[in-house]
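The values are calculated or read from the model by the stated rules, or taken from the named source; none is laboratory data. Every value quoted in this text rests on a predicted model; they were computed, and no experiment measured them. Ideal geometry is used to build each Cβ from the backbone, glycine not excepted, and the neighbour counts take in all protein chains shown.
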Amino acid sequence: MRILVAYSMSSTHVQTTLDYLLALKRYSSHEVSYVHATHEAVMDFDFDDFDVVLQNYCARLCFEGYVSRSYREALKRFRGLKMLAVQDEYNRTNVLKAAIRELGFHVVLTCVPQDSLEYVYPRREFPDVEFVTVLTGYVPDHLVDAGRTPAPLGRRPLVIGYRGRDIGGLYGRLAFEKYEIGRRMREICQERGIPHDIAMDDQSRIYGPAWLDFIGSCRSMLGSESGSNVFDFDGSIERTYKEMAGARSWKVGYDEFLPLVARHESEISMGQISPRAFECAAMRTPMILFRGRYSGVLTADVHYIPLEKDFSNVDEVLGRLEDLPALEAMAQTTYRDLVDSGRYGYAAFGRQLCAIIERKFDELGLVPAAGQALWARNRARRAGSFHELPTDRPLGPKELQAKFSPWLIAAVAGVLFRSPHLPWRERLRRAAGLAAQLALMRTPVWAKKLALRFPLGRYIRSRLS
């Protein structure tokens, strides 16, 4: 079969996203191609040259206008199997649901547990859609093949390590716990003189190989469930949060926002396992986690040391960190079950996708695409600035920036020179604002200093068309 994977070039710098995108390519016998589907991308080929379209979660449908109109129209016309992978489904859920219906997806790979599907995706609204629960990420090849030999736990300089983040109260209890477990345990470690490296600020975040080195330097790693139980179906929770945040210079805390999200917390239990758990398992680093669901993958006292959310058993937890033989045994068990077993690797995920595709293709009575696609026969033809052709691999932010650069220069020049009714200072401010809006990875310092918010789309249409 020919499978087309739709994605966003702006997201492939994230290794977990790239691993997810490549799963089918690496672990199936099917012909897999990729196409960039966001940032006003124009589809310059016929989707019906493919048998399956799988839209990745990084091409997010909950943000109106992010996925290009050309792609959406091409997908509507497509006669083959349509699949969608989604994450962070608690954001603008109704917009996502409307897009699933409008674009006619047959299969949705969701993070919502099967016992909670009726709350998010009622069967009456999606009678012909199959929802398959998957993980947010799997054990990547580089963890399995890294050949690292982690240091014995007794020789690691840090007893407890952690990196978290304070994202405020919008996403409810699960998001708050990622901050709270670090805050409280850091206080306890400081009071008792326990060697630790616990931080929740953005400046302390660690990336790349240094992150695995950090995990390997810790006798234990803190953690909690990922996701959110607060599904903002109509966007009203986000609007209220922004109104409250706009009236101050600091984040809206969980305690402040509790009255608005408390009733949502009991409706569903997402409790997902984070890819960080697989990293800890690979580095044989025991985990101290709040008790939780963890997608049904982790079991308390088998794969992690459970910490009560009121910290009532913290003395017991700290005592267990001194029992090195028991810790080593837990680390080996976790490695065996999560990594060495292969159950949670991308190879297993790729095989699962293949099985779903082949089964649904037969169920729907679809006919494989015949012959060789025109775009494949004429590979010398290159896509234009915004025009897209399928590629053999996912492209990245650099390629996306190259597409935008000529247009960005022209657009900024248009703001500068085709707005004679504006003073020069205002023209410069608007040009900087445009550059800031189009920055792919980060806003340049000069643009941050000069940028001015304005209705970008309407302004460009009126001034640059």
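Being assigned by TED's automatic domain parsing to the domain that holds V297 and crowded, with 22+ Cβ neighbours inside 10 Å narrows it down to one of E180, E187, E225, so name that one. Steps first, please.
Numbers: E180 fails: crowded, with 22+ Cβ neighbours inside 10 Å; E187 fails: crowded, with 22+ Cβ neighbours inside 10 Å.
None of the others qualify; the one that does is E225.
Against the numbered list (1) closer than 25 Å to V139 by Cβ; (2) surrounded by fewer than 22 Cβ atoms within 10 Å (Cβ to Cβ), Y66 comes up short only at (1).
Give, as residue ranges, the helices (runs of 4 or more DSSP H) completely inside segment 323-432 that count at least 2 residues that are among the aromatic types (F, W, Y) and modelled with pLDDT of 75 or more.
Passing ranges, in order: 346-363.
Only one of L75, L21, L54 is modelled with pLDDT of 95 or more, buried (at least 18 other Cβ atoms within 10 Å of the Cβ) and farther than 24 Å from H142 by Cβ; which?
L75
The set of residues in segment 1-28 being within 23 Å of R351 (Cβ to Cβ) and either aromatic (F, W, Y) or free of Cβ contacts under 8 Å to residues at least 60 places away in the same chain (or both) consists of Y7, T17, Y20, Y27. Taking the numbered list (1) touching a residue at least 12 places away in the same chain (Cβ under 8 Å); (2) in a helix (DSSP H, G or I) in turn, A98 passes all entries but (1). Taken together, A59, A99, A85, A37 contain a single residue that is surrounded by fewer than 22 Cβ atoms within 10 Å (Cβ to Cβ) and modelled with pLDDT of 95 or more, which is A99. With respect to being β-branched (V, I, T) and either crowded, with 22+ Cβ neighbours inside 10 Å or free of Cβ contacts under 8 Å to residues at least 12 places away in the same chain (or both), T240 falls outside the description. All conditions in (1) outside the structural domain of E308 (by TED's automatic domain parsing); (2) at pLDDT 95 or above; (3) within 19 Å of the chain's Cα centre (by Cα) hold for R163, with the sole exception of (1).
Which condition does A210 not pass, out of (1) closer than 24 Å to E180 by Cβ; (2) modelled with pLDDT of 90 or more; (3) surrounded by fewer than 21 Cβ atoms within 10 Å (Cβ to Cβ), if it passes all the others? In the conditions (1) closer than 24 Å to E180 by Cβ; (2) modelled with pLDDT of 90 or more; (3) surrounded by fewer than 21 Cβ atoms within 10 Å (Cβ to Cβ), A210 misses (1) alone.
Here L289 meets the list (1) surrounded by 21 or more Cβ atoms within 10 Å (Cβ to Cβ); (2) of a type outside the set (S, T, N, Q); (3) over 25 Å from V159 (Cα atoms) almost entirely, failing just condition (3).
Scanning segment 194-234 for residues that are without any contact (Cβ under 8 Å) to a residue 24 or more places away in the chain and hydroxyl-bearing (S, T, Y) turns up just one, Y207. Quick check on segment 76-88: of everything there that is without any contact (Cβ under 8 Å) to a residue 60 or more places away in the chain and not in a loop (DSSP other than H, G, I, E, B), which residue is nearest to the chain's Cα centre (by Cα)? So the residue we want is L84. When the criteria are applied in full, L258 fails the requirement of being aliphatic (A, V, I, L, M) and surrounded by 15 or more Cβ atoms within 10 Å (Cβ to Cβ).
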